[in-house]
Structure formats: C-alpha cells, structure tokens
1. Got a sec? Which of A:Ile178, A:Ile208, A:Ile238 is without any contact (Cβ under 8 Å) to a residue 12 or more places away in the chain and either out of contact with any His (no Cβ under 9 Å at 6 or more places or on another chain) or farther than 30 Å from A:Thr326 by Cα (or both)?
2. Which fully enclosed helices (runs of 4 or more DSSP H) of the stretch B:117-181 have 3 or more residues being away from chain A (no Cβ under 14 Å)?
3. Considering B:Ser63, B:Ser81, which residue is in contact (Cβ under 8 Å) with a residue 60 or more places away in the chain, surrounded by 12 or more Cβ atoms within 10 Å (Cβ to Cβ) and outside any helix (DSSP H, G or I)?
4. Here is a list: B:Val112, B:Val154. Which entry is of a type outside the set (Phe, Trp, Tyr), open to solvent by less than 20 Å² (accessible area, probe 1.4 Å) and in contact (Cβ under 8 Å) with a residue 12 or more places away in the chain?
5. Of the residues in the stretch A:320-331, how many are closer than 15 Å to A:Gly300 by Cβ and open to solvent by less than 60 Å² (accessible area, probe 1.4 Å)?
6. Considering each residue of the stretch A:131-165, count those that are open to solvent by 10 Å² or more (accessible area, probe 1.4 Å) and either charged (D, E, K, R) or assigned to a strand (DSSP E or B) (or both), and give that number.
7. If you scan the stretch A:96-130, which residues turn out to be closer than 18 Å to A:Arg182 by Cβ and not in a loop (DSSP other than H, G, I, E, B)?
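The values are calculated or read from the model by the stated rules, or taken from the named source; none is laboratory data. Nothing here was measured: the structure is a model prediction, and the numbers come from that model. Neighbour counts run over all protein chains shown; Cβ positions are idealised from the backbone, glycine included. All accessible areas refer to the heavy atoms of the entire protein, side chains included, with ligands and DNA or RNA removed. Shrake-Rupley method; radii C 1.70, N 1.55, O 1.52, S 1.80 Å.
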Amino acid sequence: MDAGFPVVKLDNVRKQYGSFVAVHQADFSIGRGEFFAMLGPSGCGKTTTLKMIAGFEQPTAGRVFLEGEDVSQVPPHKRNVNTVFQQYALFPHMSVFDNVAFGPRSKKINEAEVKTRVNEMLEVVRLGDFAARRPAQLSGGQQQRVALARALVNYPSALLLDEPLAALDLKLREAMQIELKRIQREVGITFVFVTHDQGEALTMSDRIAVMSEGLVEQVGAPVDIYARPETLFVAGFIGSANLLPGTVMSSDGAGTRVQLLDGTQVVVAAGNSAPNASLSQGNQVTVMLRPEQVVLESEGSMKVFITDTVFQGSSVRVVGRTANDTEVTAIVPAGSNHKAPSAGESVFMQWHASAPYLLEGWPETAGSTNTNVDSIEATL
Amino acid sequence: MTAAHDTKQKWGRGVINGIAGAAMLYLFAPIIVIVVFSFNNPKGKFNIVWRGFTLKNWAHPFSQPELTDALVVSLKVAFISTVIATLLGTCIALALSRYKFKGSGAVNLFLVLPLTSPEVVLGSSLATLFLSRGVSFGIVTVIIAHVMFQVSFVAVTLRARIRGFDWSLEQAAMDLGASPGRAFWKVTFPLILPGILAAALLSFALSIDDFIITFFNAGSLVTFPLQIFGASRVAIPAQINVLATMLLMGSITIMVGALIINSRRNRLNNGSEAKG
C-alpha cells in the first residue's frame, strides 16, 4: 500500500437488520490500485459490505472512509465510487453511448468532453463500434463491458463489482477474468469485487478478504490465504484440503507432535501453525495437508485404503479412507513413472516435513474438502 | 397417428373455431350495426330500420347542436379527469410497488373497491355526499366523480405493469451521480411511460362513456351518453351513429398506435425492460 490514506477504509463496520446481524465487524483497508476481493459463501455479508461502500446501505455502527473522508452518512450519488451491478442494470431505453455518458452528464460536464471521455472508455473496453446499439442488441459479455465502461468513465476512487461474472457462462467467464485484469491495469483504478467463487478470487485479486456469516475471517494475499489459513473455515473454503483432527502430544523448538484420530503421529514444523493455534499438550487441533503435498508410497505411517481414482489429464485424483474411516484425497501427477494406485489397494500417505500445517480446534467434518482443485493449481 | 384420431382432432378444432367465431360475432355485431346504420337514410326520427344507403349523415355530422355540445362536454370532462387521475394513480402505483409502508394493505383494498362496487351505489352515495355538503352539481362534480373511479383503474393497471420493474436501474443511476430526481425522470419515467399512457387511454375511454355515476352527479350538465339516453325516447337521429363511429375510429387509432409504439419499444429493449 502506498503512502497517504487507503482508498477505502472500513472502521469496525457493523450492519444489523432488526435482530439479524448481516455484518458483525468489518475492519480492513483497501489500497490504491489494488484488485481486492471479498470472498465467501452466499449470506456471508460480502454484498452488504459492498453496498455500504457504495452508499446503498448505512452501517449500524462503525464508519466508512473514502480517500480518508468519513462518508458513512453520504448518499450514493455524492460518493466517488461506482458499481458494476450483478445483472449490469444497463438502461434499456438508451444507446450504449448514452448509457456510458449518463454519469458525466449527471455531473454537468460539457458535451464535448463527455463525447471524448465516452469514446475513449468504449475503446478501453473494445466496444468502439457498438456505441449506437441498444443493450438488448449486445451479448452478455458485451453488456458486461458496457457496465464497466459506464462506471469507469467517471474516474471513480474505487470500482465496486458485485459478482460481475456470475451471469456469464464458464468459457466467457474465464475470458472476462483476463479482460478485467487488463482493464484494471490500463486504468489503474482500485477494484473491489464480491464473489463466491474462490477460484475467481485467487486468480484475479491482489488481496482477498474471506468472509463467513458476517465475520471477516482473514485478509491477505491469495498465496498466504491458501498456504497459511488462519481459521478452519478458510482452510476448508479455499482450495481443497485434508483436515485431520488430532491432539497435541508435545511441542518444542523443532516442532509440534500431534496424534491424529487414526493413531498416526504427525510432526508439524515450528512456525507452521495458525496464529491462534494453542500448542499446549492435550489441546484439540487440526492438521491440514493439501492434496498436492502428499505422495502415496508402499510403506510409511499413515495407512490409506484407496476407494476411487479420477483421471484429470495432467494429474490423477486419488480418494481413500484412513484407518478410522476419514476420507482423504491425494493429487498424483499422471503419466510419470510411478503409476497411480488403483481402487482396492492399500497404500501409505507420506509428505514433506514442511507440508503439515496446524489449525486450532476440530472441523465439523474431518477429512478432505471437495472444491475445485484445478483452478487452484492453475493459480499457484 | 391413426386416421380416426386425425379426423377426431379436425372435428375438435372445427368446433372450437365455431364457438370462437360465434363469440366474436356476439361481441362485434352491435358495433357493426352502429357503423352500418350511420349510412342509413331513415324515414322519421328513429334510425332503426334500414331504408337505403346515404352519405348525408356523414356530410353533416354536427347538424344536431345539442348532440355536438354534449360531445364537447364529455371530451372536456374526460380530458381533465384523465389528467388528474393519471397523475394521482401513477403516484399511488409507484408508492405501492416501491415501498412497504404502514397501511399499504389498506390502500390496496380501497383501490379495488371502486372497481368492484356497483356503479349505482358509488354514484348515489357520492351524490348524497355532495347534497349534504351543499355542493351544486355541474362539471366539477362530474369530474370529481370520474376521477374517483379512474384513479383506482390507473393505479391497479399500472401497478400490474410495473410489477417486476428492475429498481436496480434507479440505483445504478444514483450510483452514477444522478440525484434521486434525475434518476427518476431520466430512467424510471421513460421506462414506465408506455404503461402510464396505456392506463390513461383506457381510463379516458371509461370516462367518456360513463352513464350511471355521471347521471347521479351531473345536475343540469349533459354529457354525450346522457344526451343520447334522453334523446332516444323522442328520436334517434343517424348523427348519433356517425359520432359514435367517429369515437370508435378515434379510439381504435389510438389503441393501434399504442400497440405499435409498444411493440417497437419491446423489440428494442427486448426483455431487459420490465413490462413498462
């Protein structure tokens, strides 16, 4: 983050509807030129938080700052932020040009400059030839880019995007991810986007705020959030993980020894634990092992009975059960010399000493979490 | 498919078409008679028996001054009351579809009442109210009476049309720096305007041919329906048919015009617009 104020700052923001708390406490800053994601399952409060930045909702407690100025009580049309709505909300009775010109004209900018700015922005989103069309005559991806141009033409302090890619089909979504990044680099404006798709958040953002049930679980760079989750929720929600509950047996300078429920003992390297994890003897903890960090050998300590293998092109996903019937997953490179084991075999799970990572508490369901592994591998 | 099945289906279709045709005839026959008899050359005062084709009624459509005066009164009443009712009805419809407020349920109920209660009851009770307040009957009382039922009509039809309107469009406008007023006039209003116009046209038609409520509250004022009703006891001149046909043509032209505008708009805004 650069010197001076952050572009957006949330100061202990809380939002309550009657007795329902939508956002318990949001407390983070977003820097200039950042591509920032608010990620979480539906109902986690991410869209409410976005609306409080835009001004469509007022916080029950706490303050919202834009460019260092408290805007908590400022109505949306007087805030220098713009939103790309989930369904784009393009004005159907106006041409593409008039849609994009709406913001500058509302600010009484003279028509000659409006024309220059709109045309310039239509070039940025590559819709120069479509100025005269109506929104209904455009494809989904084109409509999305009109919505982007319409917001960016105002040179906002921050651009807010509410699930911007949710309405597009998979192929177009992937293309638009790249397109969004390109546009953001080109205009250099701070992007704050809301998504429930962790792959999308990992691919596109500089930093991510992971939210769950109105709480901000962790704010950090994608790599950190993936490698060093601070809570069980983050560990399970981001990427795929084997979450193995156990008990701390001993801890010293070299590491922590944990006995898992199936009897296996794992040594977690010193420093490889969440900040809130207690390493005192007898404490209930969870050992996280990412599927791509484990290897399957013919001997070792953790015995796994293979139940299923899924060929994924570059890799094979191997699913098995431990001695106490906990499901675990391993990703084995395909086509290499060591052949992936097949269903019905028993093998042993091994890992590099730096792989295990310690989290406080036990998960609701032990074992592997099933999320899209490919999109994470593509990122890291 | 078997041949027997085929014939059965053909039969069924024939029956349905027959019934539909009969229903259409039932609906349109009176209108056709009115138009045809505007070209009649009647003997005496009653234009009820066909005596031969003539254009003389159409050459002098305004030859009956009482009839023409009554028509002017009706147009005046319909115009003023439609403007007032459309204004009020639009506000009610917007308020009801945008906000949940205390008493919106009651407003909903009161809106439907004028449409469902018998006109005799509405007309007579309104007349009683005017009498007890010492208001003298005239064009003002008739306009008030018409506005009363037109408001309900405009509000109910418009609310149905803007159901599902995408209010995030207005949010988007404000997000882009438009004041709430500018957001309404530049975005919401143009999108619901066709709905407002349609409701206004229909309520205009309701006003111009209202008889019962008008009868109770007109005093000495004579509107077109009242004039025809009064005159029909002593004479039915063919000019009635001529003026009625002209009114009919006028409303058909307006309806077709509205339809064309609407379908052009819908093609342009295809789907992304509410039914506005």
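1. Criteria check complete, one pass: A:Ile178.
2. Where helices (runs of 4 or more DSSP H) fall fully within the stretch B:117-181 and carry at least 3 residues being away from chain A (no Cβ under 14 Å), they are B:119-133, B:139-162.
3. Of B:Ser63, B:Ser81, the one residue that is in contact (Cβ under 8 Å) with a residue 60 or more places away in the chain, surrounded by 12 or more Cβ atoms within 10 Å (Cβ to Cβ) and outside any helix (DSSP H, G or I) is B:Ser63.
4. None of the other options fit; the residue is B:Val154.
5. 4
6. Summing the residues that are open to solvent by 10 Å² or more (accessible area, probe 1.4 Å) and either charged (D, E, K, R) or assigned to a strand (DSSP E or B) (or both) in the stretch A:131-165 gives 5.
7. A:Glu120, A:Met121, A:Leu122, A:Glu123, A:Val124, A:Gly128
Table: residues versus (1) more than 30 Å from B:Glu170 (Cα to Cα); (2) hydroxyl-bearing (Ser, Thr, Tyr); (3) in contact with a strand residue (DSSP E or B) (Cβ under 8 Å, 6 or more places away or on another chain).
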| position | (1), (2), (3) |
| --- | --- |
| B:Pro190 | no, no, no |
| B:Ala200 | no, no, no |
| B:Ser203 | no, yes, no |
| B:Ile252 | yes, no, no |
| B:Val256 | yes, no, no |
